[in-house]
Amino acid sequence: MIIGIVAAIVAALGYGTASVLQARGAQSVADPTMGTDESGQSHAPSLRSTVAAMLTVSFLAGLVFDGIGFIGNLVAAREIPLFLAQTIVSANLVVTAILATVILHVRLRTRDQIAIAVVIVALVVLALASVDEGHGHDGAWLHWTVLILGIVLIVGGQAIVMVMGARIAVVAGLLGGVVFGLMAVAVRIVHGIEPFSVGDLLTDPAAYAIVVCGVGGFYLFTVALQTGSVNGAAAALVVGETVVPGAVGIALLGDTTRAGWGTVAVIAFVAAVAGAVTVASSPAVPQG
């Protein structure tokens, strides 16, 4: 279990650091035409400035940290209960906020400092309340369900985007979070990892769900960032990627808490998610 907790912390540190580095890269090549002109018309970043930002040292370093975070997330989802793994990973917003005060020179509000303290305390309590991850995932139906549901949500999300346009931010963020949550479930149940077997991996729908949901979740969240409130999208993402896999882990995979710690775990889980959502609205979290 210790390995899983450490992996989840590494994931949070990786994702959080990546966000700040990528924001710094984007700011270093900001398009002077971006923003609102004298007529009040809003201008989006140009393709040239976007590509330039992606080629900066800071942004490329951020991609490396994203990779580290992704690997940590995969290990955590296998080793500890999903309600604990995904909640720790969502704390990457806390890492982002703290690093942003140093690298991007932003200030934390009092409520942000309180929210960060709440998240940290809640995660410690949640870790103490958790028992080893469950193993109730032998049914082939669940492997297919994760893949099919992921595809449906991604395709459905795209259809909703076409209908709602710029009002899609929170919905797309939530869908992106749920799809990321499905990826975590797929990581837990995929065959061919222990013991390692290429044949089992290639014939397991859950393996393809990991790829599909990883790419699809990233796409939906990117759409959310481009079409509306970044804070709302980030907050919705946290809810989707923590609540859904946490519930699936308890209901279907056998994730449990220590005897008598159930209520404490629920309170800690809610507090951690609420704290992360509060931090998501902080000016210390880069706004894309």
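Values quoted throughout were computed directly from the atomic coordinates according to the rules given, and no laboratory measurement underlies them. The structure presented is a predicted model; accordingly, all values stated were derived computationally and were not measured. Note that we place each Cβ from the backbone using ideal geometry, even for glycine, and neighbour counts take in every protein chain shown.
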Which order do the peptides 255-268, 78-91 take when ranked by the mean count of other beta-carbon atoms within 10 Å per residue, highest first?
78-91, 255-268
Here the tail fraction of P(r) beyond 15 Å, over all Cα-Cα pairs of the stretch 161-215, rounds in percent to 55 percent
Can you put M162, M183, M1 in order, fewest other beta carbons within 10 Å first?
M162, M1, M183
Return the distance in nm (one decimal) between the two label points of a simple spin-label model at V198 and Q113, each offset 7 Å from Cα along Cα→Cβ.
5.6 nm
With each pseudo-label sitting 7 Å past Cα toward Cβ, what's the V102-A259 distance in nm, one decimal?
4.4 nm
